[in-house]
Amino acid sequence: MDRINIAIDGPAGAGKSTIARRIADKLGMLYIDTGAMYRAVALKAVNNSFDTRDKDKVLSILKDISINIIHMNKEQHVLLDGKDVNMEIRTPEISIGASNVAVIPEVRLKLVQIQRKIANNNDVVMDGRDIGSFVLPNANLKIFLSASVDERSNRRLKELHEKNVNDISFEDVKNDIITRDKNDSTRNFAPLIKAEDAIEIDTTEMTIDEVVKKIISLIGK
Ligand code: CDP
């Protein structure tokens, strides 16, 4: 049976996870957050006191790493070597670390293999940076979400405040986003890019509901 795959890509803070989760929920599909997998690799490096930019060190942990995705109450949980690390992977340090390890082709290929397998076996709404352009080139619908850097920084700051992370300024968040945007879109292998057949939605002035509605209407077509 052919599976339905929806790809949602875009830079940090564009609203991918919120939107993808809502759409998956509405359509009874599985939401897959691929960024969480890159974050798990970064966490393992940091737990070993390795610099996430040190390719040899990162490759050394890749050999026997186990990354599994499970769903509990519709929420995705990432298991790193059998341990649920959902909370630990959401810190600013791991955000930058994920972007660093994501440059390494071997890391990407390993995670892409897991992502394709899940998409093969389930109807998924998958969010990331390279889903439409590389992971699922035959996805039924490809969306590229964008928003201004300031708007994305504001959204991320709000999200951190909701998680009681208050010791970070707007400027810090904005710098983190600018650094990752650059890292993600300039890497050689599977960079952050809008697939040719993706539909771009600039969400700067849009509410979550408006974006969800717009995507659902595109699915209808
Ligand atoms: O939630 P946010 O957009 O801030 O980040 P994320 O989706 O959790 O991804 C964290 C980092 O993982 C990104 O900055 C990318 O460098 C990397 N990533 C990637 O390279 N490819 C993906 N498909 C997903 C994430």
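The values are calculated or read from the model by the stated rules, or taken from the named source; none is laboratory data. This one's a predicted model, so the numbers in the text were calculated from it and none came from an experiment. Methodologically, a virtual Cβ is constructed for each residue, glycine included, from the backbone with ideal geometry; neighbour enumeration extends over all protein chains shown.
Return yes or no: is Ile69 surrounded by 17 or more Cβ atoms within 10 Å (Cβ to Cβ) and either at pLDDT 95 or above or not polar (S, T, N, Q) (or both)?
Yes.
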Inset, instruction - Read through the list (1) more than 27 Å from Glu106 (Cα to Cα); (2) of a type in the set (Phe, Trp, Tyr); (3) at pLDDT below 95, then give the number of the only condition that Phe189 fails. - result: (1)
Legend entry - Enumeration of residues in segment 160-199 that are hydroxyl-bearing (Ser, Thr, Tyr) and under 15 Å from Thr91 (Cα atoms): Ser169
Legend entry - Of the criteria (1) aliphatic (A, V, I, L, M); (2) away from the ligand (no atom under 12 Å from the Cβ); (3) on the phi > 0 side of the Ramachandran plot, which one Ala190 fails: (2)
Inset, instruction - Return only the number of the condition from (1) surrounded by 15 or more Cβ atoms within 10 Å (Cβ to Cβ); (2) away from the ligand (no atom under 12 Å from the Cβ); (3) in contact (Cβ under 8 Å) with a residue 60 or more places away in the chain that Gly15 does not satisfy. - result: (2)
Inset, instruction - Answer with yes or no whether Val211 is more than 14 Å from the ligand (Cβ to nearest atom), in contact (Cβ under 8 Å) with a residue 60 or more places away in the chain and either under 19 Å from the mean Cα position of the chain (by Cα) or farther than 30 Å from Asn68 by Cβ (or both). - result: yes
Inset, instruction - Return yes or no: is Ser99 within 12 Å of the ligand (Cβ to nearest atom) and buried (at least 22 other Cβ atoms within 10 Å of the Cβ)? - result: yes
Inset, instruction - Consider only pairs whose beta carbons are under 7 Å apart and that are at least six residues apart or on different chains; among these, list those whose first residue lies in segment 109-130 and is under 20 Å from Asp197 (Cα atoms) and basic (Lys, Arg) and whose second residue is at pLDDT below 95 and outside any helix (DSSP H, G or I). - result: Arg129/Leu192
Legend entry - Filter result (of a type in the set (Asp, Glu) and more than 8 Å from the ligand (Cβ to nearest atom)) within segment 102-132: Glu106, Asp123
